[in-house]
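Asker: Okay, here's the structure, questions in a sec.
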Amino acid sequence: MAFALTAAIKDLRRRLTDPTSLVMWLGLPIVIGTLMSLLNSGGGPAIKAHVLVVDEDETFLSRIVTSAGNQREAADVLQMETVGAAEGRRRIDAGDASALLTIPHGFQDAVLRDDRQVTLTLVKNPAQRILPDIVEEAARMLVEAAFYVQHLFGAVLRRAADTATGAGTPSDDVVATISRLFNQRLRGLEKTLVPPVLSLQTTAPPSTGPAVDFWSLFLPGLVFMSIMFAAQGMSIDIWTEKHAGTIRRALMTPRPAGAFLGGKLLAGMAIMATAVGAALVLGVTLFHVPIARAPLAFVWATFAGGAIFCFLVLVQLHASSMRGGQFLSSTIVFPLIMLGGSFFPLEVMPAWMSAIGRWTPNGLGVATLKQILFGRVDPGVLALAVAGLAVPAALAFWLGVRRMRVWVQA
């Protein structure tokens with residue numbers, strides 16, 4: 001045990017001479033997390049389709065169409081501007097809008113009388129792909145709405161149109177008659193239109209832990225991203241010691257080879273414990289992590305980091321060179337980071353990918369850490385997670401010790 005501690009102290013002193021690597025292991029996940037937070041902050045400019053409208057009808061209904069596009073619901077995606085025909089054509093030719101909509105003369109008369117037709121002209125900007133299609137769909141919805149209004153209220157609309165085209169202002173009796181016809185038609189449709197086809201009832205599930213915001217959701221994944229980078233960097237260090245002849249000299253002493261590799265494991269866990277501790281301090285102070293959950297989270301993440309280190313050391317011991325070990329470990333680490341919930345939470349992944357990710361070493365670590373920090377910790381489940389990492393890690397450590405005796409001679 002004393003030899004293992006001596007080897008661990010030696011590795012830590014060597015690591016302190018290269019602070020750049022330590023900063024990268026600790027800082028890169030924070031940088032990535034900050035960028036992802038900014039991407040999900042929703043602070044970017046809203047994307048709207050700019051529609052130029054040429055109103056040649058200049059009637060009550062045509063003005064309703066123009067103003068409806070600027071109402072709160074539609075204003076999120078549409079920005080409608082009334083222009084003259086010449087100006088509208090010039091601006092759409094110059095690519096100054098997403099589309100040009102022309103409402104021709106006779107539009108209101110055609111809507112009120114189903115025996116007449118009118119053509120809406122829509123010119124789309126070919127330089128844009130999605131926004132003009134949105135405008136086209138909105139125009140199609142307008143046509144569909146006019147169709148159903150004519151079929152439901154055709155007789156009443158024709159009566160209103162005849163009154164509107166007559167001389168002078170309609171009398172009170174005419175207005176009352178039209179209102180009575182609308183009311184009678186609505187009563188006839190009441191049994192069809194008024195009762196809702198679906199009823200929706202929402203119930204909030206009982207809270208099982210503290211509130212989880214964006215950073216809290218990504219915190220476990222970012223912790224294990226730091227662990228993966230640190231474990232990879234510390235595992236590659238075994239090649240440096242081989243080239244320096246340190247391992248050969250250590251194996252020539254009466255000390256067991258497992259003590260030397262155990263020292264490297266202790267040093268790696270100390271580095272990873274520093275990263276985990278820094279992340280948990282941020283989690284407690286800034287991201288609503290309960291301080292009572294931090295100690296168990298610290299122990300679990302450090303333990304899982306040690307297990308991952310054992311796996312990666314075994315990978316290095318089977319590589320043919322230091323460069324090959326770097327390449328081989330990178331081809332393993334980065335897919336595991338993707339699958340294990342560091343870049344994207346396991347909850348938002350496809351079901352098949354999430355199922356695979358939860359069985360990776362770091363995925364199991366992320367899922368368990370999330371339960372420790374924000375959920376309910378089942379002692380039985382936690383014991384199974386410990387065994388799920390400890391048994392393969394112990395096997396990897398044992399195989400690594402056996403392999404190191406042969407590998408150092410190569």
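Asker: Among the candidates 329, 354, which residue alone is free of Cβ contacts under 8 Å to residues at least 60 places away in the same chain, buried (at least 18 other Cβ atoms within 10 Å of the Cβ), assigned to a helix (DSSP H, G or I) and small (Gly, Ala, Ser)?
Answerer: Values: 329 fails: free of Cβ contacts under 8 Å to residues at least 60 places away in the same chain.
Sole residue among the options that is free of Cβ contacts under 8 Å to residues at least 60 places away in the same chain, buried (at least 18 other Cβ atoms within 10 Å of the Cβ), assigned to a helix (DSSP H, G or I) and small (Gly, Ala, Ser): 354.
Asker: Something else about it: Name the single residue that is nearest to residue 49 (Cα to Cα) among those in region 80-110 being more than 44 Å from the chain's Cα centre (by Cα) and assigned to a loop (DSSP other than H, G, I, E, B).
Answerer: Looking at the filtered set, the residue picked out is 104.
Asker: Looking at this structure, is residue 274 more than 23 Å from residue 335 (Cβ to Cβ), among the hydroxyl-bearing types (Ser, Thr, Tyr), surrounded by fewer than 19 Cβ atoms within 10 Å (Cβ to Cβ) and touching a residue at least 60 places away in the same chain (Cβ under 8 Å)?
Answerer: Taking the combined requirement at face value, the residue satisfies it.
Asker: Moving on to the next point. Quick check on my filter: what residues within region 336-367 are modelled with pLDDT under 85 and of a type in the set (D, E, K, R)?
Answerer: Residue satisfying the conditions is 347 alone.
Asker: While we're on this one: For residues that are part of a loop (DSSP other than H, G, I, E, B) and under 14 Å from the mean Cα position of the chain (by Cα), scanning just region 335-351, find the one that is surrounded by the most Cβ atoms within 10 Å (Cβ to Cβ). Steps first, please.
Answerer: Taking region 335-351 as the starting set, the residues that turn out to be part of a loop (DSSP other than H, G, I, E, B) are 340-345, 349-350.
Next cut, under 14 Å from the mean Cα position of the chain (by Cα) only: 341-345, 349-350.
Values: 341: 31, 342: 28, 343: 17, 344: 17, 345: 17, 349: 18, 350: 8.
Looking at the filtered set, the residue picked out is 341.
Asker: Sticking with this structure for a sec: How many residues does region 97-115 contain that are touching a Gly at 6+ places or on another chain (Cβ under 7 Å) and under 17 Å from residue 65 (Cβ atoms)?
Answerer: Total satisfying the criteria: 1.
Asker: I'd like the full set of residues that are over 15 Å from residue 386 (Cα atoms) and among the β-branched types (Val, Ile, Thr), limited to region 345-374.
Answerer: Residues satisfying the conditions are 348, 356.
Asker: Evaluate the following for residue 332: is it within 25 Å of residue 399 (Cα to Cα) and within 25 Å of the chain's Cα centre (by Cα)?
Answerer: yes
Asker: Kindly indicate which of 341, 375, 357 is out of contact with any helix residue (DSSP H, G or I) (no Cβ under 7 Å at 6 or more places or on another chain) and either acidic (Asp, Glu) or within 16 Å of residue 218 (Cβ to Cβ) (or both).
Answerer: Step by step, each of 341, 375, 357 is checked, and only 375 is out of contact with any helix residue (DSSP H, G or I) (no Cβ under 7 Å at 6 or more places or on another chain) and either acidic (Asp, Glu) or within 16 Å of residue 218 (Cβ to Cβ) (or both).
Asker: Is it true that some residue in region 124-134 is of a type outside the set (Gly, Ala, Ser), surrounded by 12 or more Cβ atoms within 10 Å (Cβ to Cβ) and either touching a Leu at 6+ places or on another chain (Cβ under 6 Å) or at pLDDT below 80 (or both)?
Answerer: Scanning region 124-134, I find no residue that is of a type outside the set (Gly, Ala, Ser), surrounded by 12 or more Cβ atoms within 10 Å (Cβ to Cβ) and either touching a Leu at 6+ places or on another chain (Cβ under 6 Å) or at pLDDT below 80 (or both), so the answer is no.
Asker: Among the listed residues 250, 244, identify the single one that is farther than 20 Å from residue 397 by Cα, more than 27 Å from the chain's Cα centre (by Cα) and at pLDDT 75 or above.
Answerer: The conditions single out 244.
Asker: Considering 366, 391, which residue is assigned to a helix (DSSP H, G or I) and closer than 21 Å to residue 292 by Cβ?
Answerer: Among 366, 391, only 366 is assigned to a helix (DSSP H, G or I) and closer than 21 Å to residue 292 by Cβ.
The values are calculated or read from the model by the stated rules, or taken from the named source; none is laboratory data. This structure is a prediction, so every number in the text was calculated from the model and none was measured. Cβ coordinates were reconstructed from backbone atoms using ideal geometry, including for glycine residues, and neighbour counts include every protein chain displayed.
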